[in-house]
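Data block below; observations after.
The values are calculated or read from the model by the stated rules, or taken from the named source; none is laboratory data. Model, not experiment: these values are computed from the prediction. In this analysis, Cβ positions are derived from the backbone assuming ideal geometry, glycine residues included, and neighbour counts consider all displayed protein chains. These accessible areas exclude ligands, DNA and RNA; they are computed on the full protein's heavy atoms, side chains included. Shrake-Rupley method; radii C 1.70, N 1.55, O 1.52, S 1.80 Å.
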Amino acid sequence: MKSMLGDPIKLEARTLEERLAHFEEQHLRLTRDIAELRNEDAMKTQFLANISHDLRTPLTAIITHAEILRDGILGDLNARQRESIVGMINGGRQLLDMVSDILTYARSAANQLTTSHSEFSVAEVIEQVTTLNSPLAAKRALLMSVDVAPDLPTVRADREKIAHVLSNLLGNAIDFTSSGGRIWVRATLVPG
């Protein structure tokens, strides 16, 4: 004898089909939501990379022009003017480091962290980084000794990343060395 509600087996099968259809609809909606979130994340990462990259060029130009003023190439400065320009240079370098960190983060988040290998002199990179950081060390009354062996060969690596790492190490040394202390930067060739 049939129930007044209909065949219970057919009713249960229809209910299972409806539930399965509902779950499939939810799955499709969640898959679309995930794809949209990934797309938005990729756009955010690309925006950060673009902004960081675009800020580096004018910032580098500002620092370079301030260094020209500091070095007296365009004329003599009094002590207060030189001190002000050194502050501008240091602030510009700190900002440039932050921009580089944002760019590195954006590239690593997008799995675009690549290396650009070239042949370069480690001694030149050390000179560049120590020259950039020497005003900060002097401001904190730190003595910075640079000892680079004259026989260092050129290396094949990512110059920008080597400079970035060295700059971070030197920045930490400056930040965490007590006023009046000493910082050593040494580079020498060792076997192997």
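Restricting segment 19-53 to residues that are open to solvent by 80 Å² or more (accessible area, probe 1.4 Å) and among the hydrophobic types (A, V, I, L, M, F, W, C), which is farthest from Thr104 (Cα to Cα)?
Leu20
Kindly indicate which of Gly180, Gly192 is at pLDDT 90 or above, over 23 Å from the mean Cα position of the chain (by Cα), open to solvent by 40 Å² or more (accessible area, probe 1.4 Å) and more than 30 Å from Leu48 (Cβ to Cβ).
Exactly one of Gly180, Gly192 is at pLDDT 90 or above, over 23 Å from the mean Cα position of the chain (by Cα), open to solvent by 40 Å² or more (accessible area, probe 1.4 Å) and more than 30 Å from Leu48 (Cβ to Cβ), namely Gly180.
Please verify whether segment 88-111 includes one or more residues that are out of contact with any Ser or Thr (no Cβ under 8 Å at 6 or more places or on another chain), open to solvent by 70 Å² or more (accessible area, probe 1.4 Å) and among the polar types (S, T, N, Q).
yes
Any chance you could count how many residues in segment 129-162 are surrounded by fewer than 16 Cβ atoms within 10 Å (Cβ to Cβ), in contact (Cβ under 8 Å) with a residue 24 or more places away in the chain and hydrophobic (A, V, I, L, M, F, W, C)?
Summing the residues that are surrounded by fewer than 16 Cβ atoms within 10 Å (Cβ to Cβ), in contact (Cβ under 8 Å) with a residue 24 or more places away in the chain and hydrophobic (A, V, I, L, M, F, W, C) in segment 129-162 gives 5.
Being part of a loop (DSSP other than H, G, I, E, B) and within 18 Å of the chain's Cα centre (by Cα) is the requirement here; does Thr104 meet it? It would help to see each step written out before you state the result.
Details: part of a loop (DSSP other than H, G, I, E, B): no; within 18 Å of the chain's Cα centre (by Cα): yes.
So Thr104 fails the test.
Kindly evaluate Asp175 against the criterion of being of a type in the set (D, E, K, R), open to solvent by less than 90 Å² (accessible area, probe 1.4 Å) and in a helix (DSSP H, G or I).
no
Looking only at segment 54-87, count every residue that is farther than 18 Å from Lys139 by Cβ, assigned to a helix (DSSP H, G or I) and open to solvent by 70 Å² or more (accessible area, probe 1.4 Å) and tell me the total.
Of the residues in segment 54-87, 5 are farther than 18 Å from Lys139 by Cβ, assigned to a helix (DSSP H, G or I) and open to solvent by 70 Å² or more (accessible area, probe 1.4 Å).
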